[in-house]
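So the structure is just underneath, and the comments pick up after that.
The values are calculated or read from the model by the stated rules, or taken from the named source; none is laboratory data. Quick caveat, the model's predicted, so the values are computed rather than measured. When we count neighbours, we look across all protein chains shown, and the Cβ atoms used for this are built from the backbone with ideal geometry, even at glycine. Please note that ligands, DNA and RNA were not included when accessible areas were found on the heavy atoms of the full protein model with its side chains. Shrake-Rupley method; radii C 1.70, N 1.55, O 1.52, S 1.80 Å.
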Amino acid sequence: MNRLTEAYTRGESAEPLLRLTVHGLLARTVERHGAREALVVRHQGIRWSYYDLARAVDDLAAGLLALGLQKGDRIGIWSPNRAEWVVAQFATARIGLILVNINPAYRIAELEFALNKVQAKALIVAPRFKTSDYLGMLLELAPDLAEGDPGALHLKRLPHLRCIVRLGEEKTPGMVNYDAVLRLAGPAQRARLDQIAAGLDPDEAINIQFTSGTTGLPKGATLTHYNIVNNGYFTARCMKLSERDRLCIPVPLYHCFGMVLSNLACVSHGACMVFPGEGFDAKDVLEAVQAERCTALHGVPTMFIAELDHPDFGSYDLSSLRTGIMAGAPCPIEVMKRVVRDMGMREVTIAYGMTETSPVSFQSGVDDPLERRVATVGRIHPHVEVKIVGERGETLRPGEKGELCTRGYSVMRGYWDEPGKTAEAVDAAGWMHTGDLAVLDEEGYCNIVGRVKDMVIRGGENLFPREIEEYLFRHPNVQDVQVFGIPDAKYGEELCAWIVPKPGSQPTEEDIRGFCRGQIAHQKIPRYIRFVDAFPVTVTGKAQKFMMRKAMVEELGLREAATA
Ligand code: AMP
């Protein structure tokens, strides 16, 4: 093996990138594996072959044409995981509509911002999800919907929107029902489908994913067919996915983990997509894996933790599991080990990436040594380049910490209608600056050590929360932990740990500090420790450190004020 001499690596591959559109990818699989099971949606009682999926896709695509939508138009989708989401993903791509993923947790102002930002002409909407009454919010945003002409809307606060396609059977004034759209097209629209598909170019934008951004307004990462088809394909290759695999998908479809690493990965290889529920629920996942004999399972670390710690975990037969992906946030070594040992996922991989890079740029291979597989995010993805840079933009050496930059086919087209923000993120040489701190070793394995802005500078010393979290995870009573910095008058910043204890245990601050003393440097022992039932998380399940920081600042500020 060639050892790296600088912190730069490129994914060599004998396999060329696919020059296919999203529809081209589906069509290829329908031809090869049409009769195989494609989609199981347990909460909707759906079990479809690839032929069935392709039929539903054609019905919806033709219906959307009948509604007057044209290539290049933006169409939002605001729905939890449902079969219609999968159909919409492929139906919009079939006719070149740009699908805009709307976060299921958005509220009125965010929805208004996203739809207007991309000038969406249509929206597919589920009636509700958990505590979110989507129809109620839409009516509040656009009370003029009630008198609107479905298909030809003119709404005051959503001036570009012409049409709302509503899932479910009930009717809502101003909206068309999804099932009606499936039946809307005549032979003329159907005849146009293949003609339109043949005119699409893999380099055209096909998807806008709003990044969750912890500060500022969300930005719409704009991705092409080429971006996501290839990322889905090569991610599947790293897992050795084939038409014999059945992937359990509890991650949300609106995020690239769902629509690319799950759906496109499966479709690229004829594997079956299994959805355990509308949103994440550990029991639903365990039941789905057992009942559907899933061979693969995806999740962010918190999902795997919830499954492993479910009180009935031991009663499920998970012996069909082989592989899957843990990604989206730092994947603790201890959790990875349990996934291999207790879930039997002997070929589980870790992937690292971000929405703006379609998303994956590192992934462990199923044959990497276990130690590497649980402790690193693996090696560079095929055809992708990565370098680690220092504060002056210089490329560092293996073993040195710096910002990870990615270049290649996977880098987004840009943020929609935000040339300034795009130029801040992607430099003139095409490098996407990820804002993640990483270390590349001489063999090309990568470790993500945190976010550039999560790094804590305590008394001039750089501390990396990730490293401290990994250590605290070894404590027998720690189920989950987040470490972050908070302002401090003396040191500039101080460390704080929020800990979710294992069920039934009651660790104390002193237990935790005692566990650290003599084992890790004293300045890495969190000054503040809090025990909580759960962390504030995004819909994707990512812990929101900025919320925890805010809560601590308030708590400590209040206490100081009270003492004074
Ligand atoms: P998103 O664009 O929502 O997919 O978020 C991307 C961010 O998630 C990255 O910039 C990383 O900070 C984080 N992330 C994703 N995968 C991993 C991983 N395997 N390990 C550590 N952080 C990760």
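Rounded to a whole number, what is D in µm²/s for the chain from Stokes-Einstein with the Kirkwood radius over alpha-carbon pairs (25 °C, 0.890 mPa s)?
Reported coefficient: 100 µm²/s.
Restricting things to alpha carbons, find the Rg to Rh ratio for the range 1-105 using the Kirkwood radius for Rh. Don't skip to the end; give the middle numbers.
Numbers: Rg = 18.0 Å, Rh = 16.1 Å.
Taking Rg over the Kirkwood Rh, I get 1.12.
Carbon-plus-sulfur fraction of the accessible area of the range 221-300, 1.4 Å probe, in percent?
45 percent
Using the structure shown, list the pairs from K240/K337; K387/K421; K117/K387 with a Cα-Cα distance above 31 Å, or answer none.
Beyond 31 Å between Cα atoms: K117/K387.
Tell me, for the chain, which Cys residues have no other cysteine's C-beta sitting closer than 4.7 Å.
Taking the Cβ cut-off of 4.7 Å, the unpaired cysteines of the chain are C163, C238, C256, C266, C272, C331, C405, C446, C496, C516.
Give K283/K545; K401/K453; K130/K283; K401/K524; K71/K219 a once-over and call out the pairs whose C-alpha atoms are over 20 Å from each other.
Beyond 20 Å: K283/K545; K71/K219.
In nm, give the distance between the simple-model label positions of E12 and K490, each being 7 Å from the Cα along the Cα-to-Cβ direction.
5.4 nm
Give the calculated FRET efficiency between D309 and V537 to the nearest 0.05, with a Förster radius of 22 Å applied to their Cβ-Cβ distance. Present the calculation step by step, with values, prior to reporting the outcome.
Details: r = 16 Å, r/R0 = 0.72.
So, using R0 = 22 Å, E works out to roughly 0.90.
Would you mind computing, in nm to one decimal, how far apart the modelled labels at E334 and A35 are, each placed 7 Å from Cα along Cα→Cβ?
5.0 nm
Expressed as a whole percentage, what fraction of the accessible surface of the range 458-563 belongs to carbon and sulfur atoms when a 1.4 Å probe is rolled over the protein heavy atoms?
Its accessible area is 51 percent carbon and sulfur atoms.
Using a 1.4 angstrom probe on the protein heavy atoms only, line up R157, R3 by accessible area, largest first.
Ranking R157, R3 by accessible area, largest first, yields R3, R157.
Check which residues have an amide H placed less than 5 Å from L253's amide H, if you skip close sequence neighbours.
Sorted by chain and number, the residues that satisfy this are N81.
So for each of 463-469, 227-233, 166-172 I average, over its residues, the number of other beta carbons within 10 Å; can you give me the resulting order with the highest mean first?
Descending mean neighbour count gives 227-233, 463-469, 166-172.
Could you do me a favour and compute the accessible area per residue for the chain, 1.4 Å probe, result in Å²?
Per residue, the chain has an accessible area of 40 Å².
For the range 333-445, with all protein chains present and a 1.4 Å probe, just round the carbon and sulfur fraction of the accessible area to a whole percent.
So the carbon and sulfur contribution to the accessible surface is 47 percent.
Going through the range 35-70, which trypsin sites (Lys or Arg not before Pro) have at most 15 other Cβ atoms within 10 Å and a DSSP loop state?
Sparse-neighbourhood loop trypsin sites (Lys or Arg not before Pro): none present.
When each pair of different Cα atoms in the range 105-176 is counted once in the 1/r mean, what is the Kirkwood radius in angstroms, to one decimal?
12.1 Å
Which value, in debye to the nearest 20, describes the size of the charge dipole of the range 328-416 about its Cα centre when Lys and Arg Cβ atoms bear +1, Asp and Glu Cβ atoms bear -1, and nothing else is charged? Could the numbers behind the result be given before it?
Details: 13 positive and 12 negative charges, 13 e Å.
Computed about the Cα centre, the dipole is about 60 debye.
Using label points projected 7 Å from each Cα along Cα→Cβ, tell me how many nm separate A423 and E110, to one decimal.
3.0 nm
Can you tell me the 0 to 90 degree angle between the C-alpha axis of helix 333-342 and the longest principal axis of the chain, rounded to 10?
With both axes taken from Cα atoms, the answer is about 60 degrees.
Is the range 49-106 best put as rounded, prolate or oblate by its Cα gyration tensor, with a ≥ b ≥ c the root eigenvalues, rounded for a/c under 1.5, and otherwise prolate when a/b is larger than b/c, oblate when not?
oblate
Hey, if we sort E147, E385 by accessible area with the 1.4 Å probe, largest down, what's the order?
E147, E385
Quick check: with the 1.4 Å probe, what order do S13, S320 take by accessible area, largest first? Could you put the intermediate results ahead of the total?
Numbers: S13 45, S320 20 Å².
Of S13, S320, the descending order of accessible area is S13, S320.
If the only charges are +1 at each Lys and Arg Cβ and -1 at each Asp and Glu Cβ, what is the size of the charge dipole of the chain around the Cα centre, to the nearest 20 debye? Show your work: numbers first, answer last.
On the way: 65 positive and 71 negative charges, 105 e Å.
It works out to roughly 500 debye.
For the range 307-449, what ratio Rg/Rh do Cα atoms give with a Kirkwood hydrodynamic radius?
1.05
Can you give me the pair-distance distribution of the range 240-373, C-alpha pairs, 5 Å bins, whole percents?
Result, from short to long distances: 2, 11, 22, 27, 22, 12, 3, 0 percent.
Full extension from E391 to S242: what is 0.36 nm times the residue separation minus their Cα-Cα distance, to one decimal in nm? List each step's numbers first, then the result.
Values: separation 149, 0.36 × 149 = 53.64 nm, distance 4.27 nm.
Going from the current span to full extension adds 49.4 nm.
Between R3 and R192, what is the FRET efficiency for a Förster distance of 45 Å, r being their Cβ-Cβ separation, to the nearest 0.05?
Working: r = 55 Å, r/R0 = 1.23.
Approximately 0.20, to the nearest 0.05.
Residues of the range 290-305 with the amide nitrogen closer than 12 Å to a label point 7 Å from the Cα of V366, along Cα-to-Cβ, please.
It comes to 295-297, nothing else.
Per q in 0.15, 0.21, 0.22 1/Å, what log10 I(q)/I(0) does a Debye calculation on the alpha-carbon atoms of the range 438-564 return?
-0.76, -1.37, -1.45
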